[in-house]
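The values are calculated or read from the model by the stated rules, or taken from the named source; none is laboratory data. Here the structure is a predicted model, which means the values were calculated and not measured. When we count neighbours, we look across all protein chains shown, and the Cβ atoms used for this are built from the backbone with ideal geometry, even at glycine.
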Amino acid sequence: MKNVSPVIRVSDETFERLQSIATPFTDKPGDVIERLLDSHQAATSADGTLRTSVVQVPEREVPPIASGERPTIVVAEPAPEGPNGLIPIGLLVQRNLAKRKPSAVEIDGTVTTVRNWGDLCEVFVAWLADHQRLYRNHLPIMNHSGRDKYFVNATPEHADARKDGNWREARGFYVDIKYSASGHIRNLIAAMEQLGDPVIQVRIALR
């Protein structure tokens, strides 16, 4: 008795998807299905799990910001750690940074060696001033909580004078460095948002 091939019925939508990856005038539906099966087997380990590989994602193009629209921080998306261990600041927000200190900060391509988070914040504020991104009329810059404490001010004091701070002077501005590691990261991001400067690229190396 002659063998009869089984008939597989698919929906119109599935058939259209098969057509979209077929080679015109060459492939039959069975050819396309065979290629899909071959691709699946090549990506699957012997134990049935999918093999994975690290893919580098290119940086997104930043669209212009409409007037009055609140800017958001745009984080470049290369591999999580770039050259010299530099990590985009947006990837550090959810990390446990307890007992970690920065060793360097890169701001728009300029790398500066630092000893601690206080140094890093001082370098950041000085860079903003040197590159005409921070002026007196921007002050005060609130901390990440947005309530009664400042990150940067014209004088070494908070809105609530009872709130303590550890102030450093940078290019005539005062920056409060009395925060935890994660607080520093959030303060940097909050400052960029308040300045309306969403495309400053900041990366930090940890030790």
When segment 129-163 is checked residue by residue, the ones that are among the hydrophobic types (A, V, I, L, M, F, W, C), buried (at least 16 other Cβ atoms within 10 Å of the Cβ) and in contact with a Leu (Cβ under 9 Å, 6 or more places away or on another chain) are LEU134, ILE141, PHE151, VAL152
Over segment 157-177, the set of residues modelled with pLDDT of 95 or more and part of a loop (DSSP other than H, G, I, E, B) is ASN166, ARG171, GLY172, ILE177
How many residues of segment 87-146 are farther than 13 Å from LEU206 by Cβ, outside any loop (DSSP other than H, G, I, E, B) and aromatic (Phe, Trp, Tyr)? The answer is 2
Close pairs (7 angstrom Cβ cut-off, 6 or more residues apart or separate chains): more than 16 Å from LEU206 (Cβ to Cβ) in segment 163-186, surrounded by fewer than 18 Cβ atoms within 10 Å (Cβ to Cβ) and among the polar types (S, T, N, Q) anywhere: TYR174/THR155; ASP176/ASN166; ILE177/ASN166; LYS178/ASN166
Right, ASN166: more than 24 Å from the chain's Cα centre (by Cα), assigned by TED's automatic domain parsing to the domain that holds ALA98 and surrounded by 13 or more Cβ atoms within 10 Å (Cβ to Cβ) or not? no
Specify the residue that is farthest from the chain's Cα centre (by Cα); the eligible residues are those in segment 174-187 that are hydrophobic (A, V, I, L, M, F, W, C) and surrounded by 24 or more Cβ atoms within 10 Å (Cβ to Cβ). VAL175
